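Read through the structure below, which is laid out as structure tokens, and then see the notes.
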Amino acid sequence: MIQKWTATLKQNTGRPLEEWVALVKKSGPASAKDRRDWLKKEHSVATNSAVWIAERAEGKENMGADPKKYLRTAEQWVEEMFSGPKSALRPIYDELLVVGKGLGKDVKISPCRTIVPLYRRHVFAQIKPATKTRIDLGFSLGNRKATERLIDTGGFAKKDRITHRIPISSTDEIDSEVKRWLRLAYDADA
């Protein structure tokens, strides 16, 4: 994913990574958070791109730049996410992963330190252990209306991919409604 992003950054934003990094170092704010916000607000850079550009400007190499290194680390991140006080969430995560992968052969899973995004062309959903007792299943659903169970995250207004979420505290809550929203998010990313 990072390799594809790097290869298409100029096409998508008008500048290659090296130029973005140079611009951030020369004209951007000092802190990483302010740099991300500046890239999003002043240059209309998408959230993930803003994060990755700001990290590179700080001299951090994104783990996804080296696929072998990423693969070695991704499994460890999942184990750490669902260990200790959050270990009871592992069955929920495992079931959500099965449902997500079952949407199509093109579903890719890309664990990070704190979330597990699911994507086709873009991230369409994410699994996030939000508390010791709850996973938030996030969806990229655009400007859809929230429901009693489907919570608007404010992501659409902030131009984030994840715009809605459903809190899940047990595998019993992975019902037809959850699966329907997941399918809609997946289909929208065709």
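The values are calculated or read from the model by the stated rules, or taken from the named source; none is laboratory data. These numbers were taken from a predicted model, which means no experiment stands behind them. When we count neighbours, we look across all protein chains shown, and the Cβ atoms used for this are built from the backbone with ideal geometry, even at glycine.
Does the stretch 46-55 include one or more residues that are over 21 Å from the mean Cα position of the chain (by Cα) and outside the structural domain of residue 159 (by TED's automatic domain parsing)?
Looking for residues that are over 21 Å from the mean Cα position of the chain (by Cα) and outside the structural domain of residue 159 (by TED's automatic domain parsing), one finds none in the stretch 46-55, hence no.
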If you check 9, 39, which single one turns out to be under 19 Å from the mean Cα position of the chain (by Cα) and within 26 Å of residue 109 (Cβ to Cβ)? 9
Please indicate, with yes or no, whether at least one residue in the stretch 19-42 is touching a residue at least 24 places away in the same chain (Cβ under 8 Å), within 19 Å of residue 155 (Cβ to Cβ) and part of a helix (DSSP H, G or I). yes
Surrounded by fewer than 20 Cβ atoms within 10 Å (Cβ to Cβ), farther than 26 Å from residue 72 by Cα and out of contact with any Phe, Trp or Tyr (no Cβ under 9 Å at 6 or more places or on another chain): does that describe residue 105? no
Picking from 138, 155, the residue that is out of contact with any helix residue (DSSP H, G or I) (no Cβ under 7 Å at 6 or more places or on another chain), crowded, with 19+ Cβ neighbours inside 10 Å and modelled with pLDDT under 95 would be 155
Scan the stretch 82-94 and tell me whether some residue there is surrounded by fewer than 18 Cβ atoms within 10 Å (Cβ to Cβ), within 26 Å of residue 180 (Cβ to Cβ) and without any contact (Cβ under 8 Å) to a residue 40 or more places away in the chain. yes
Given the criteria in the same structural domain as residue 89 (by TED's automatic domain parsing), farther than 20 Å from residue 107 by Cβ, among the acidic types (Asp, Glu) and without any contact (Cβ under 8 Å) to a residue 60 or more places away in the chain, does residue 160 qualify? no
